1. Among the numbered conditions (1) within 18 Å of the chain's Cα centre (by Cα); (2) among the small types (Gly, Ala, Ser); (3) assigned to a loop (DSSP other than H, G, I, E, B), tell me where Ala78 comes up short.
2. I need the full set of residues from region 140-179 which are surrounded by fewer than 22 Cβ atoms within 10 Å (Cβ to Cβ) and basic (Lys, Arg), in order please.
3. Kindly indicate the residue of region 22-68 that is surrounded by fewer than 16 Cβ atoms within 10 Å (Cβ to Cβ) and of a type in the set (D, E, K, R) and also farthest from Thr128 (Cα to Cα) among those meeting that condition.
4. For region 194-205, give me each residue that is in contact (Cβ under 8 Å) with a residue 60 or more places away in the chain and among the small types (Gly, Ala, Ser).
5. All but one of (1) free of Cβ contacts under 8 Å to residues at least 24 places away in the same chain; (2) of a type in the set (Lys, Arg); (3) in contact with a Gly (Cβ under 6 Å, 6 or more places away or on another chain) hold for Arg101; which doesn't?
6. Mind counting the residues in region 85-101 that are out of contact with any His (no Cβ under 8 Å at 6 or more places or on another chain) and either in a helix (DSSP H, G or I) or of a type in the set (Gly, Ala, Ser) (or both)?
7. Can you pull out every residue in region 107-133 that is farther than 22 Å from Ala199 by Cα and crowded, with 24+ Cβ neighbours inside 10 Å?
8. List every residue pair whose Cβ atoms lie under 6 Å apart, where the two residues are 6 or more positions apart in sequence or sit on different chains, the first residue falls within region 109-129 and is touching a residue at least 12 places away in the same chain (Cβ under 8 Å), and the second residue, located anywhere, is charged (D, E, K, R) and assigned to a helix (DSSP H, G or I).
Amino acid sequence: MELNRYIDHTLLHSDATPADIERLCRQAMEYNFCGVVVNPVYVSQAVGILEGSGVKICSVAGFPLGAGLTEIKIAEAAKAEEHGAAEIDVVANIGWIQSGRFSDVAGELAALRRRLAAETILKVIMETPLVSPEHWPDTVEAVIGSGADFIKSGTGFFGAVGVEHISTLRRLCAGRIKIKAAGGIRTVADALAMIDAGAVRLGTSASVSIMRDLPASKM
């Protein structure tokens, strides 16, 4: 298994500096991670560093709360794409989910999907640590119905993802959409457990320490 190719090397803290982004991108090239995830303001810088490296550039929209106006989320995602992001991780409107407004959730996400280029990967964050379990099935259906490419467990700002979260998502998704696990993935054991549970992408800021701790037999 090439664990590095599952990893989106992530830095989304509000105090991240250009020097931090430079380090993130250099690390991503060193370890040949699947991608980096940066806030929209740093997409252009990441593009300049990573051009030709094969490392994908992902940015975020509506992050981390998901409660922005639909048109602002769409504009944020479109601008990140314009600056060179090949993937967008958008936070669904968690308040709408919790109040059962699944058609509104699907409509917002579908509008965003239509605004992006067909080749731009769209991942939708449903924040499993916050969303009530009874709302998971309808949330999954709303995300799949929107045309998104991935459903993602969380932002990492509101609790850690559990292995049971990913295994439940795998059951609900039934192979119709890919799963990204994110939130509190800190160790090799965490990463491998998420993959075993059904994730095909991992978002983590602990990418380098995970790779350094990875036994050679698992690389």
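Only the coordinates and a few stated rules stand behind these numbers; no lab work does. It should be emphasised that the depicted structure is a prediction, and the values quoted were computed from it without experimental measurement. Backbone-built Cβ (ideal geometry, glycine too); neighbour counts: all protein chains shown.
1. Going through (1) within 18 Å of the chain's Cα centre (by Cα); (2) among the small types (Gly, Ala, Ser); (3) assigned to a loop (DSSP other than H, G, I, E, B) one by one, Ala78 breaks only (3).
2. Arg170, Arg171, Arg176, Lys178
3. Looking at residues that are surrounded by fewer than 16 Cβ atoms within 10 Å (Cβ to Cβ) and of a type in the set (D, E, K, R), I get Glu51.
4. In the first step, residues of region 194-205 are kept if they are in contact (Cβ under 8 Å) with a residue 60 or more places away in the chain; the result is 195, 199-205.
Once the filter is applied, which keeps residues that are in contact (Cβ under 8 Å) with a residue 60 or more places away in the chain and among the small types (Gly, Ala, Ser), region 194-205 yields Ala199, Gly203, Ser205.
5. With respect to (1) free of Cβ contacts under 8 Å to residues at least 24 places away in the same chain; (2) of a type in the set (Lys, Arg); (3) in contact with a Gly (Cβ under 6 Å, 6 or more places away or on another chain), Arg101 is out only on (3).
6. Filtering region 85-101 for residues out of contact with any His (no Cβ under 8 Å at 6 or more places or on another chain) gives 85-96, 99, 101.
Filter once more, keeping what is either in a helix (DSSP H, G or I) or of a type in the set (Gly, Ala, Ser) (or both): 85-86, 92, 94-96, 99.
Residues in region 85-101 being out of contact with any His (no Cβ under 8 Å at 6 or more places or on another chain) and either in a helix (DSSP H, G or I) or of a type in the set (Gly, Ala, Ser) (or both): 7 in total.
7. Across region 107-133, the qualifying residues are Glu108, Leu112.
8. Leu116/Glu81; Thr120/Glu81; Leu122/Arg113
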